Amino acid sequence: MLRQLYIKNFTLIDELDMEFRSGFSVITGETGAGKSIILGAIGLLLGQRADSKTVKTGCDKCVIEAHFDLSRYQMEPFFEQNDIEYDAQDTIIRRELTASGKSRAFINDTPASLAMLKELGEQLVDIHSQHQNLLLNKQDFQLSVVDIIADDARERDDYQQTFARYQHLCKEEQRVREEIEAGRQNADFMQFQFDELEKARLCDGEQEELEQRSDTMTHSEDIKTALYEAETALQGDEAGIVSQLKKGIAALQGIARVYPDAAELAERMNGCYIELKDVAADVSAKLEDIDFDPSELESVNARLDKIYDLQKKYHVGSVAALLEIQADLQRKLSNIENSDETLAELQRQKAEALKTVQAKADVLSAKRRKAAADIEKQMRGRLVPLGMPHVRFEISVEQEAPGRNGQDRVSFLFSANTSTPLQPVAQVASGGEIARVMLALKVMISGAVKLPTIIFDEIDTGVSGKIAEQMARMMDEMGRADRQVISITHLPQIAAIGSTHYKVYKEESAQGTVSRMQMLTDGERIHEIAQMLSGSDVTEAAIANAKQLLRCANE
């Protein structure tokens, strides 16, 4: 649950530091006092995108920080998966935004992305505003409500994995069909290309070897001249290095008896002599190997020209790429030849996958239908006390072709009285009726999902009097079920039932108009509720009425 909220330099708020309590709390204040600003700040903590214009005029940076108590909710896996320190009693989310537009986010002082904030925020806080009532017109929202109550996450995941495999097989069959069709139209041309490449008898690496041989033969005279000069330098007549070294070694060996150091020098020179003699032999052998053969050069260059022509024709730069084209052509031609067998096997696999999809969809449908009946019963039980004595609420579950979310088309049907036929709720319910339907749904969903904090932003639109009181009782009931419920309201009947009452107001300061928020004492609550009843001129009758409302709320 939300324990503390700190806001600094955010739109009209210069600094706010507010503690929140468990149970059912209410926030009141005149229109434009700043309630939406506080909700906007909380939204930023939940991963919404930031706008630098929200930084208070004249300030460089705004900071929003919230402390949450997660001790009664098993949320440690999120922190382990994201390598964030876990503190169940005091989890801190902080968002910083500069006037230049830079934004930073932290979870327990660890830098976090907006995606991480959103993932964690969805498990921490649900903000229900008036625009969310529009969700009643969306099929996926209605289906998600049924899924939540059905607690069918395991069956749904199982189905979706099976459906994904079925979709893959459908796409693979289509791909093969298109490839075979295109192949049949170009079979003769592909066969010609394959034969041409196969006839060339290409070998990976041969191009480099041929290019080297061509260079060697083209420059054979230069090579022979260089090798001859090297051979002459090494062992030419009496002036060759090898012969001179041999003489030097013999001279040193001759004085070794009278000059012992000569023996070591002779040994070192002998090592050089052996190495150079070996080099000289290699040079002589290579000199004999170099022989210019015009016919061989012509043959090598002809083979290279063939390779170059094929590379140009197929728009590639290597023999390896040509071999890949050859292999691909062979595969396509093989597919054409074996197309009937290939398609038959794919169709068999697809049919088997569809059977599995259907079986798992049936399991999912059974859980949804059972949950739908439970929702219908609960909704009637919750809507009657909200001023709808003749309400009818049914869930139509019709089957259609299997899709990503199963084979069920869910529609919420509604009628506020016995004379009106059931129709889709968003088409026939008034604004006040939709607000009550959404509240009843939220009560069910919150019980199944166990969200720590739920914030209702003026969900009471279109209702008043006894109905508003019943809505407040319902929210109070939610707040007693191990969670925190906060309602932003303009109705005194709802404000009186909250166990904690906060007021948002504006005041003028040296820096201009600022928004403030305070937790009201018992006396301040009486005055605030009386003002909600009578307007700016608080009468004694309004005060008496406010006391009566608070007294009834505590009974």
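Of [x] 20, 58, 22, 1; [y] 15, 28, 19, 16, 14, 7, 1; [z] 18, 49, 28, 5, 0, which is the value of P(r) over Cα pairs in 20 Å bins from 0, in percent derived from the coordinates here? Computed from the coordinates, P(r) over Cα pairs in 20 Å bins from 0, in percent corresponds to [y]. For Glu179 and Glu352, the FRET efficiency from 1/(1 + (r/R0)^6), where r spans their Cβ atoms and R0 equals 25 Å, is about 0.65. On the basis of the beta-carbon distance and an R0 of 35 Å, Thr513 and Glu540 show a calculated FRET efficiency of 0.65. Of the residues Ser52, His128, Gly205, the one whose Cα sits farthest towards the positive end of the charge dipole of the chain is His128 (charges of +1 on Lys and Arg Cβ, -1 on Asp and Glu Cβ, taken about the Cα centre).
About the centre of its Cα atoms, segment 391-480 shows a dipole size close to 160 debye [charges on the beta carbon of Lys, Arg (+1) and Asp, Glu (-1) only; nearest 20 debye]. Pairs of lysines in segment 213-316 whose Cα atoms sit within less than 23 Å of one another amount to 5, provided the residues are eight or more positions apart or on different chains. Ordered from highest to lowest accessible area with the whole protein assembly present and a 1.4 Å probe, Met190, Met532 read as Met532, Met190.
Selection among Gln470, Ile13, Leu322 by position relative to the dipole of the chain gives Gln470 as farthest towards the positive end (Cβ unit charges, Cα centre). Against the chain, whose longest principal axis comes from its Cα atoms, helix 241-255 is set at around 80 degrees.
Computed over neighbours whose Cβ is under 12 Å from that of His128, the net charge equals -3, Lys and Arg +1, Asp and Glu -1. Computed about the Cα centre, the dipole magnitude for the chain is approximately 4020 debye when only Lys and Arg (+1) and Asp and Glu (-1) carry charge, each at its Cβ. In a fully extended conformation the segment linking Gln427 and Arg49 would gain 132.9 nm over its present Cα-Cα distance, using 0.36 nm per residue. Length gained on full extension, Glu30 to Ala226, computed as 0.36 nm times the residue gap minus the Cα-Cα distance: 60.5 nm. Extending 7 Å from the Cα toward the beta-carbon at both Ser499 and Ser243 defines two label points whose distance is 11.5 nm. Rounded to the nearest 20, the Cβ-based charge dipole of segment 92-188 about its Cα centre (Lys and Arg +1, Asp and Glu -1) stands at 540 debye. Projecting the Cα atoms of Val514, Ala366, Val63 onto the charge dipole of the chain, computed from C-beta unit charges around the Cα centre, puts Val514 farthest toward the positive end.
Helix 187-200 axis versus longest C-alpha principal axis of the chain: approximately 40°, rounded to the nearest ten.
Each other residue within a Cβ distance under 13 Å of Leu550 adds +1 if Lys or Arg and -1 if Asp or Glu, for a net charge of -2. A simple count of charges around Ala373, restricted to other residues whose Cβ falls under 13 Å of its Cβ and scoring Lys, Arg +1 and Asp, Glu -1, yields +3.
Relative to the longest principal axis of the Cα atoms of the chain, the long axis of helix 339-383 lies at roughly 20 degrees.
Which length gain, in nm to one decimal place, applies between Ala320 and Gln81 when the Cα-Cα distance is subtracted from 0.36 nm times their residue separation?
81.6 nm
Over the residues of the chain, the helix contribution to mean residue ellipticity at 222 nm works out to -19000 deg cm²/dmol, using -39500 (n - 2.57) for each DSSP H run of at least 4. Here the calculated FRET efficiency for Asn338 and Gln311, from their Cβ-Cβ distance with R0 = 22 Å, stands at 0.10, rounded to the nearest 0.05.
Once you've got the Cα coordinates, tell me which of Lys8/Lys53; Lys61/Lys450; Lys53/Lys450; Lys56/Lys102 are over 26 Å apart. Numbers along the way, then the final one.
Values: Lys8/Lys53 14 Å; Lys61/Lys450 35 Å; Lys53/Lys450 35 Å; Lys56/Lys102 15 Å.
Listed pairs above 26 Å: Lys61/Lys450; Lys53/Lys450.
Given labels modelled 7 Å from the Cα in the Cβ direction, how far is it in nm from Thr98 to Lys370? According to this spin-label approximation, the distance is 5.6 nm. Note on Ser129 and Lys450: their simple-model spin labels are 3.0 nm apart, each label 7 Å out from Cα toward Cβ.
The values are calculated or read from the model by the stated rules, or taken from the named source; none is laboratory data. In this text the structure is predicted, and so the values were computed from the model without any measurement. For neighbour counting, all protein chains shown are included, and Cβ atoms are generated from backbone atoms with ideal geometry for every residue, glycine included. Please note that ligands, DNA and RNA were not included when accessible areas were found on the heavy atoms of the full protein model with its side chains. Shrake-Rupley method; radii C 1.70, N 1.55, O 1.52, S 1.80 Å.
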